[in-house]
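Student: Pasting a structure here, questions to come.
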Amino acid sequence: MMGCAHGAQNSASTYHFVVKIPKGWWQLDTDKYFLITKDNPYLQYALIQERPIDKAFRHTKKKLKRGMLPQESAEVILDEIRADNNIINFELIQNGPATIDGHAGFKILFTYQDKDGSTFKTLYYGFINGNIFYNLRYSAAKRHYFQKDLKTFEMFLDSFRLIESKTT
């Protein structure tokens with residue numbers, strides 16, 4: 001069983017999506033993105049972020065553009081990941097098209113190590129809608145946790161729906 005959640009970004013605004021939080025998972029309090037975990041965010045987490053496309057990325061200073069093809073967006077994201085000094089031994093496993101809530105996007109699967117030598121596997125979905133880039137990620141310790149919670153993340157991803165802004 002899953003519970004429905006509207007992610008409150010802060011007191012002045014809300015996210016523009018709804019998603020079902022899997023049973024046994026809990027939401028962490030952050031104003032930058034919607035983040036849930038089952039055991040500990042250092043073991044596994046699912047994250048949804050709404051990012052203005054005109055906001056430059058931290059490591060590459062690149063920006064996404066309205067009308068970009070999904071694969072062009074994926075290349076910007078891959079460049080940003082590769083430029084992050086906290087990501088060591090990056091290995092791209094898959095990079096291809098995906099549909100998220102009816103929107104044309106991309107799906108990237110990769111592994112990396114952190115500075116402590118722990119290995120993680122990440123499934124990263126992204127798409128542009130208007131002036132917003134949405135990314136939905138599942139990241140977990142490669143050993144044991146990734147495969148264990150992958151089906152749960154897939155249900156979480158399938159429950160994702162954009163909603164209309166209530167300020168219109």
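The values are calculated or read from the model by the stated rules, or taken from the named source; none is laboratory data. Quantities reported herein were computed from a predicted structural model and do not represent experimental measurements. Backbone-built Cβ (ideal geometry, glycine too); neighbour counts: all protein chains shown. Please note that ligands, DNA and RNA were not included when accessible areas were found on the heavy atoms of the full protein model with its side chains. Shrake-Rupley method; radii C 1.70, N 1.55, O 1.52, S 1.80 Å.
Student: Of all residues in the stretch 133-151, count the ones that are more than 15 Å from P22 (Cβ to Cβ), surrounded by fewer than 16 Cβ atoms within 10 Å (Cβ to Cβ) and in contact (Cβ under 8 Å) with a residue 12 or more places away in the chain.
Tutor: Within the stretch 133-151, residues that are more than 15 Å from P22 (Cβ to Cβ), surrounded by fewer than 16 Cβ atoms within 10 Å (Cβ to Cβ) and in contact (Cβ under 8 Å) with a residue 12 or more places away in the chain number 1.
Student: Being surrounded by 16 or more Cβ atoms within 10 Å (Cβ to Cβ) and either assigned to a helix (DSSP H, G or I) or touching an Asp or Glu at 6+ places or on another chain (Cβ under 6 Å) (or both) is the filter here; which residues of the stretch 61-74 pass it?
Tutor: P70, S73, A74
Student: Here's another thing I want to ask about it. Residues of the stretch 34-53 being under 18 Å from Y15 (Cα atoms) and either out of contact with any Phe, Trp or Tyr (no Cβ under 9 Å at 6 or more places or on another chain) or not in a loop (DSSP other than H, G, I, E, B) (or both), which ones?
Tutor: Passing the criteria: F34, L35, I36, A46, L47, I48, Q49, E50, R51, P52.
Student: Considering only the stretch 22-38, I want to know if a residue exists there that is over 19 Å from L109 (Cβ atoms), exposed (fewer than 12 other Cβ atoms within 10 Å of the Cβ) and in contact with a His (Cβ under 9 Å, 6 or more places away or on another chain).
Tutor: The answer is no; no qualifying residue exists.
Student: Scan the stretch 1-27 for residues that are assigned to a strand (DSSP E or B), within 16 Å of F153 (Cβ to Cβ) and at pLDDT 80 or above and jot them down.
Tutor: Correct list: F17, V19, K20, I21, P22, W26, Q27.
Student: Tell me which residues, restricted to the stretch 75-89, are open to solvent by less than 50 Å² (accessible area, probe 1.4 Å) and of a type outside the set (D, E, K, R).
Tutor: Residues satisfying the conditions are V76, I77, L78, I81, A83, I87.
Student: Assuming F156 fulfils every condition listed in (1) farther than 21 Å from L69 by Cβ; (2) over 13 Å from the mean Cα position of the chain (by Cα) apart from one, which condition is it?
Tutor: That leaves (2) as the condition not met.
Student: Please go through the stretch 151-168 and give me each residue that is at pLDDT 95 or above and out of contact with any strand residue (DSSP E or B) (no Cβ under 7 Å at 6 or more places or on another chain), ordered by number.
Tutor: Passing the criteria: K151, E154, D158.
Student: Looking at (1) over 22 Å from K20 (Cα atoms); (2) touching a Leu at 6+ places or on another chain (Cβ under 8 Å), which one does Y125 not meet, given that it meets all the others?
Tutor: (1)
Student: Same structure, new question: So the check is Cβ under 7 Å with 6+ separation or different chains; which pairs have a first residue in the stretch 17-31 that's of a type in the set (K, R) and a second one that's in a loop (DSSP other than H, G, I, E, B)?
Tutor: Once the first residue is of a type in the set (K, R) and sits in the stretch 17-31, its partners that are in a loop (DSSP other than H, G, I, E, B) give K23/M1.
Student: I want to confirm something. Restricting to the stretch 40-60 and keeping residues that are among the basic types (K, R) and open to solvent by 40 Å² or more (accessible area, probe 1.4 Å), which single residue is nearest to F133 (Cα to Cα)?
Tutor: K55
Student: Considering the stretch 103-127 alone, what residues qualify as being open to solvent by less than 40 Å² (accessible area, probe 1.4 Å) and hydrophobic (A, V, I, L, M, F, W, C)?
Tutor: F106, I108, L109, F110, F120, L123, F127
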